[in-house]
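Read through the structure below, which is laid out as structure tokens, and then see the notes.
The values are calculated or read from the model by the stated rules, or taken from the named source; none is laboratory data. Computed from a predicted model, the values in this text were never measured in an experiment. Note that we place each Cβ from the backbone using ideal geometry, even for glycine, and neighbour counts take in every protein chain shown.
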Amino acid sequence: MTTTAERKYINIRKRLDQLGYRLTLTLECLPLVEKLLRDLVHTTESLQQSKLSTVKAEKESSNFDFVLEPYKLENARLSRENNELYLELMIQREYSNQHIKELKTTLKKCARETADLKFLNDQYVHKLRLLEKESRAKNEKIQKLQEKNLHAVAQTPGGKKRSIAFRRQHMQIDEPVPPSE
């Protein structure tokens, strides 16, 4: 064995003993064991780094939880408020729909009453025209009768005849008439 090979063997053997591997080590296996030992050390160091990273990440995560706690509380409050507003909106919508339904019913009732009143008004207008026609006929008849009874009747430029108070002549006597001779 050469001195470098012996030194390698002694170093690897020490490391294996430190790690608790006390089995025999042959020179033929030395390159394989050296490579495996390097991989083991590298893997162990990587594991330690991963554990440190995990611990650090957990601390940061707990810090995030601490930072996020006010936001979670605010989110819960806003969700509760949103639900209350939605419930109030649904109640208002139901009230509004009921009110609209009542207004439509009232509108239909008013429309029926309006139609009935228009019909009644038309009947009254028709009856009024008949009464006016009848009144004109009676006025004409009265005027004719007054003309026959010698009451004064004046005819206006429009062709209508109007009765006026009968005019009697008045005489004023200041002194008696002298006797005739």
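Got a number for residues in region 24-34 being over 14 Å from N11 (Cβ atoms) and either in contact with a Leu (Cβ under 9 Å, 6 or more places away or on another chain) or not aliphatic (A, V, I, L, M) (or both)?
Counting residues in region 24-34 that are over 14 Å from N11 (Cβ atoms) and either in contact with a Leu (Cβ under 9 Å, 6 or more places away or on another chain) or not aliphatic (A, V, I, L, M) (or both) gives 4.
Report, by residue number, each residue of region 1-34 that is over 21 Å from E45 (Cα atoms) and polar (S, T, N, Q).
Within region 1-34, T2, T3, T4, T24, T26 meet the criteria.
Among the residues of region 50-66, which ones are at pLDDT 80 or above and not hydroxyl-bearing (S, T, Y)?
Selection gives K51, L52, V55, K56, A57, E58, K59, E60.
Quick test for you: out of L52, L73, L68, L89, pick the one residue that is within 16 Å of the chain's Cα centre (by Cα), part of a helix (DSSP H, G or I) and surrounded by 10 or more Cβ atoms within 10 Å (Cβ to Cβ).
L89
In region 11-22, how many are free of Cβ contacts under 8 Å to residues at least 12 places away in the same chain and either aromatic (F, W, Y) or surrounded by 10 or more Cβ atoms within 10 Å (Cβ to Cβ) (or both)?
Of the residues in region 11-22, 4 are free of Cβ contacts under 8 Å to residues at least 12 places away in the same chain and either aromatic (F, W, Y) or surrounded by 10 or more Cβ atoms within 10 Å (Cβ to Cβ) (or both).
Exactly one of (1) at pLDDT below 95; (2) surrounded by 10 or more Cβ atoms within 10 Å (Cβ to Cβ) is unmet by C110. Its number?
(1)
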